[in-house]
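Structure record follows, encoded as structure tokens.
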Amino acid sequence: MKTLVVTAHPDPDALTSVVAHRLADALQPSPVEVVDLAAEGFDPRFTRADRHTYLTGVDFPSDVAAEHRRLDDATHLVLVFPVYWWSMPALLKGWIDRVFVNGWAFSIDPEHGIRRNLDRLTIHLIPIAGDDAGVYERHGYEQAMRTQIEHGFIDYCGSRRGTTAFVYDSEQDDAQSRERAVRKALGAVRQGIRP
């Protein structure tokens, strides 16, 4: 039972990376791989080749095929990301756009509709939010993100929804509160992976 932890932050010392590596440590001795999309230089741009793959369900670009192989070995995927403008960073969105495509994550059958192919994968989310939970609740940001990511992405591919654990107030000076929020999120996701 392998867990793939994917991050998308340009600063390797940012809280996003710290949380990803702490989660990997917490899941030991189970096999875990931390993927830092920024450090690896993943290209998030959806190109003409990606469009061809989307339309045909074949001919995956080599970098996308490599991601498929990595994901094929996983039973759990954890996305750890900073919240940018009430969503995920462009790098992570581009990774999803390019990797979770027709012919792999789902299949389009003109006669039978869409077949969702990733029922073997459970996807967990750890959004790192700068604001407090009250701001997210008052403006509906958390629900909007859940709808976009849980329903629009996870459900569409037929994956199982895992744990979504926000880390709020990540940019506040209160290190103790931040640490409590991180521990709570890590505990919730760990419990969702290893009950």
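The values are calculated or read from the model by the stated rules, or taken from the named source; none is laboratory data. Predicted, not measured: the structure shown is a model, and the values here were computed from it. Cβ placement follows ideal geometry from the backbone for every residue including glycine, while neighbour counts extend to all protein chains displayed.
For (1) touching a Pro at 6+ places or on another chain (Cβ under 7 Å); (2) assigned to a helix (DSSP H, G or I); (3) surrounded by fewer than 13 Cβ atoms within 10 Å (Cβ to Cβ); (4) among the small types (Gly, Ala, Ser), each residue gets a yes or a no:
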{"site": "ARG146", "(1), (2), (3), (4)": "no, yes, no, no"}
{"site": "HIS151", "(1), (2), (3), (4)": "no, yes, yes, no"}
{"site": "ILE154", "(1), (2), (3), (4)": "no, yes, no, no"}
{"site": "THR163", "(1), (2), (3), (4)": "no, no, no, no"}
{"site": "SER170", "(1), (2), (3), (4)": "no, no, no, yes"}
{"site": "GLU179", "(1), (2), (3), (4)": "no, yes, yes, no"}
{"site": "GLY187", "(1), (2), (3), (4)": "no, yes, no, yes"}
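For the subset of region 95-136 comprising residues that are assigned to a helix (DSSP H, G or I) and free of Cβ contacts under 8 Å to residues at least 24 places away in the same chain, which member is surrounded by the fewest Cβ atoms within 10 Å (Cβ to Cβ)? Reasoning before the result, please.
So the first thing to find is which residues in region 95-136 are assigned to a helix (DSSP H, G or I), and the list is 95-99, 133-136.
Of the ones still in play, those that are also free of Cβ contacts under 8 Å to residues at least 24 places away in the same chain are 134-135.
Numbers: GLY134: 9, VAL135: 14.
Checked region 95-136; the qualifying residue surrounded by the fewest Cβ atoms within 10 Å (Cβ to Cβ) is GLY134.
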Query raised in the report: List the pairs whose first member sits in region 62-82 and is over 18 Å from PHE153 (Cβ atoms), whose second member is of a type in the set (D, E, K, R), and whose Cβ atoms are under 6 Å apart, counting only residues at least 6 apart or on separate chains?
Result: ASP73/LYS2
Report summary line: Output for Cβ contacts, cut-off 8 Å, separation at least six or different chains, first residue of a type in the set (Lys, Arg) in region 140-157, second crowded, with 19+ Cβ neighbours inside 10 Å and at pLDDT 95 or above, reads ARG146/THR164
Report summary line: Here the residues within region 66-87 that are farther than 21 Å from VAL19 by Cβ and either crowded, with 21+ Cβ neighbours inside 10 Å or in contact with a strand residue (DSSP E or B) (Cβ under 6 Å, 6 or more places away or on another chain) (or both) are GLU67, ASP73
Requested in this report: Collect the residues in region 149-195 that are farther than 16 Å from ILE128 by Cβ, among the polar types (S, T, N, Q) and at pLDDT 95 or above, keeping them in residue-number order.
Outcome: SER159, GLN191
Query raised in the report: Would a scan of region 57-64 turn up a residue that is modelled with pLDDT under 95 and under 25 Å from GLN148 (Cα atoms)?
Result: yes
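Do we find that TRP95 is under 14 Å from the mean Cα position of the chain (by Cα) and aromatic (Phe, Trp, Tyr) in this structure? Give the steps one after another, and end with the answer.
On the way: under 14 Å from the mean Cα position of the chain (by Cα): yes; aromatic (Phe, Trp, Tyr): yes.
Against the criterion (under 14 Å from the mean Cα position of the chain (by Cα) and aromatic (Phe, Trp, Tyr)), TRP95 qualifies.
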Query raised in the report: Which of the following residues is more than 25 Å from VAL32 (Cα to Cα) and under 17 Å from the mean Cα position of the chain (by Cα): GLN172, GLN143?
Result: GLN143
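Pull up region 19-54, narrow it to residues that are assigned to a helix (DSSP H, G or I) and free of Cβ contacts under 8 Å to residues at least 12 places away in the same chain, then point me to the one that is nearest to LYS184 (Cα to Cα). Quick ask: steps written out before the conclusion?
Going residue by residue through region 19-54, those that are assigned to a helix (DSSP H, G or I) are 19-26, 37-40, 48-54.
Next, only the ones that are free of Cβ contacts under 8 Å to residues at least 12 places away in the same chain stay: 25, 40, 48, 51-52.
Values: ASP25: 15, GLU40: 29, ARG48: 42, ARG51: 40, HIS52: 43 Å.
Among them, the one singled out is ASP25.
Quick check, is THR7 crowded, with 18+ Cβ neighbours inside 10 Å and either closer than 19 Å to ASP155 by Cβ or not basic (Lys, Arg) (or both)?
Numbers: crowded, with 18+ Cβ neighbours inside 10 Å: yes; either closer than 19 Å to ASP155 by Cβ or not basic (Lys, Arg) (or both): yes.
Spelling it out, THR7 is indeed crowded, with 18+ Cβ neighbours inside 10 Å and either closer than 19 Å to ASP155 by Cβ or not basic (Lys, Arg) (or both).
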